[in-house]
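Written out below as structure tokens is the structure these notes cover.
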Amino acid sequence: MAEDRGNHLAAKAVAITDDVIATDYAQRPELLARFGERGRTLYRRDNLYHLSFLTEAVRLGEPALFVDYVAWAKSMLSAHGVPVEHLVENLRLLRAAICRHVPPDEAAAAAVPIDNSLQALALPGAEPATYCASASPHGGLALDYLTLLLKADRKGAAGLVHRAVEEGLPLQRIYLDVFQQSQREVGRLWQLNRITVAQEHYCTAATQAIMNQFFGQVLETPRIGRRVIAFCVAGDLHEIGLRIVADLFELAGWECDFLGANMPADSIFDMLTAAPPDLIAVSATMTFHLELVEKFIRTLRARPDIARIPVMVGGRPFLIAENLWQRVGADGWAADAETAVARGSELVDGR
Ligand code: B12
């Protein structure tokens, strides 16, 4: 059955991982001497991580989710000095181990994203491109903003965007062309091992603080009598994308109950029942949280009192596989906050 896809991979993740490691260490006994017990622990952690992405790609029938993950893993590993050949060999062992542990139909389904990834790894790969290119809209401003943050000058960065708004740049552009793009660039620089986790945290916290400075302005738009509840599924800690969505809804005159990151589903249902909104906006950034997005929508649809509230989804995995929103059962999706407001309005108009 389609809805059972990926179940065996999830259930057998530990056994598959142990098999990969046992096979590799038997073939290459020097690994233990070279990398010690810690090497084995990291190898184990990485394989469980590979499997968490692969399971979602198989479950949702979207191989692209795994291909994107492998491209990301390649770039992370090579930035830390691990040659691509290690990843290629790891994927081959993973493919073989899966065949030994899950039924043939699920093994065949898992082979598709793995083979697609191996093909992509065989091509010469460029490093991921910058999100703050001067040719992109307000790319120069985004780069200047980020450069100040990376020098730990958040006052300077705040001044820069406040001046741009005073000179007439709409707040929407600051949110999308500066905050969004600089955050994505921070991620790229971390991925390439060019900035530390501490620098990423500094930039993120500073951008959140600067966004808060604009919040009064965001609320000035006359209200239009529509309300959206916005949250990130449990475990997902990435809230800035959804916060941008929330603020742009407010700028368009909606009331937005922004609940932020890591929201337990039970509590959402209490809120939805007590005061049903016109629209629900659900965000997930990590691919392995898609299962919770799908589960939330399935549970909602089974509750007659709130079943018909339209649900929009968004976040990083939805940018990778454009039909994913349908696969998780949503009514719509959007690639960015501006489109989210337009699409959300259409969904509510169409009810
Ligand atoms: C900041 C950050 C964090 C912070 C988040 C803090 C916070 N308060 O939000 C912290 C440190 C917690 C974090 C943790 C992790 N992170 Co992180 N993180 C980032 C980073 C640098 C920026 C996120 C962000 O603000 N993006 C900017 C927003 C504006 O973009 P966006 O989310 O795409 O949102 C837009 C659209 O998608 C859409 N949208 C979003 N939600 C919704 C919802 C609806 C309904 C709609 C319609 C539209 C919509 O509209 C938004 C605005 O236009 C990203 C890099 C990146 N590319 O995003 C990495 C990134 C997402 N993280 C990554 C990773 C690996 C992790 C960790 C696993 C790291 C670790 N080893 O622990 C953990 C996982 C934590 C978890 N369980 O969730 C990777 C993911 C790679 C992958 N292959 O999946 C990324 C891509 C970094 C990278 N380049 O390697 N992270």
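The values are calculated or read from the model by the stated rules, or taken from the named source; none is laboratory data. As the structure is a computational prediction, the values presented were derived from the model and not from experiment. Glycine also receives a Cβ, built like all others from the backbone with ideal geometry; neighbour counts cover every protein chain displayed.
Looking only at the range 35-44, decide whether some residue is within 18 Å of residue 93 (Cβ to Cβ) and surrounded by 16 or more Cβ atoms within 10 Å (Cβ to Cβ).
Yes, there is a match, as at least one residue in the range 35-44 is within 18 Å of residue 93 (Cβ to Cβ) and surrounded by 16 or more Cβ atoms within 10 Å (Cβ to Cβ).
Give the number of residues within the range 96-132 that are surrounded by fewer than 14 Cβ atoms within 10 Å (Cβ to Cβ) and within 30 Å of residue 178 (Cα to Cα).
Number of matching residues: 4.
Restricting to the range 60-90, count the residues that are in a loop (DSSP other than H, G, I, E, B) and farther than 16 Å from residue 47 by Cα.
6
If a residue has to be under 20 Å from residue 199 (Cα atoms), assigned to a helix (DSSP H, G or I) and not aromatic (Phe, Trp, Tyr) to count, how many in the range 126-158 make the cut?
14
Within the range 315-351, can you find the residues that are of a type in the set (A, V, I, L, M), surrounded by 17 or more Cβ atoms within 10 Å (Cβ to Cβ) and assigned to a loop (DSSP other than H, G, I, E, B)?
Within the range 315-351, 321, 328, 330, 334 meet the criteria.
Can you find even one residue in the range 298-309 that is free of Cβ contacts under 8 Å to residues at least 40 places away in the same chain and buried (at least 20 other Cβ atoms within 10 Å of the Cβ)?
Checked against the condition, which is being free of Cβ contacts under 8 Å to residues at least 40 places away in the same chain and buried (at least 20 other Cβ atoms within 10 Å of the Cβ), the range 298-309 yields at least one hit.
Would you pick out the residues in the range 316-333 that are under 12 Å from residue 62 (Cα atoms) and away from the ligand (no atom under 11 Å from the Cβ)?
Hits for the range 316-333 are 321, 322, 323, 324, 326, 327, 328.
Looking only at the range 229-245, count every residue that is more than 6 Å from the ligand (Cβ to nearest atom), touching a residue at least 40 places away in the same chain (Cβ under 8 Å) and either touching a Gly at 6+ places or on another chain (Cβ under 8 Å) or not in a strand (DSSP E or B) (or both) and tell me the total.
3
Residues are listed down the side, and each one gets a yes or a no for (1) more than 19 Å from the chain's Cα centre (by Cα); (2) among the hydrophobic types (A, V, I, L, M, F, W, C); (3) surrounded by 13 or more Cβ atoms within 10 Å (Cβ to Cβ):
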| position | (1), (2), (3) |
| --- | --- |
| 151 | yes, no, no |
| 154 | yes, no, yes |
| 164 | yes, yes, yes |
| 173 | yes, no, yes |
| 201 | no, no, no |
| 216 | yes, no, no |
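Residue-by-condition table, conditions (1) without any contact (Cβ under 8 Å) to a residue 40 or more places away in the chain; (2) in contact with a strand residue (DSSP E or B) (Cβ under 7 Å, 6 or more places away or on another chain); (3) within 10 Å of the ligand (Cβ to nearest atom):
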| residue | (1), (2), (3) |
| --- | --- |
| 193 | no, no, no |
| 200 | yes, no, yes |
| 210 | no, no, no |
| 217 | no, no, no |
| 222 | yes, no, no |
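Can you tell me which residue within the range 252-267, out of those that are in a helix (DSSP H, G or I) and either more than 14 Å from residue 284 (Cβ to Cβ) or in contact with a Cys (Cβ under 7 Å, 6 or more places away or on another chain) (or both), is modelled with the highest pLDDT?
This residue is 267.
Kindly establish whether residue 293 is at pLDDT 95 or above and either part of a strand (DSSP E or B) or farther than 18 Å from residue 232 by Cα (or both).
No, not satisfied.
Given (1) surrounded by fewer than 22 Cβ atoms within 10 Å (Cβ to Cβ); (2) within 8 Å of the ligand (Cβ to nearest atom); (3) within 25 Å of residue 6 (Cα to Cα); (4) small (Gly, Ala, Ser), identify the lone condition not met by residue 265.
(2)
What do you reckon, is residue 343 within 8 Å of the ligand (Cβ to nearest atom), outside the structural domain of residue 65 (by TED's automatic domain parsing) and not aliphatic (A, V, I, L, M)?
Answer is yes for this residue.
Checking the condition without any contact (Cβ under 8 Å) to a residue 24 or more places away in the chain and either under 29 Å from residue 180 (Cβ atoms) or in a helix (DSSP H, G or I) (or both), which residue from 48, 42 passes?
Sole residue among the options that is without any contact (Cβ under 8 Å) to a residue 24 or more places away in the chain and either under 29 Å from residue 180 (Cβ atoms) or in a helix (DSSP H, G or I) (or both): 42.
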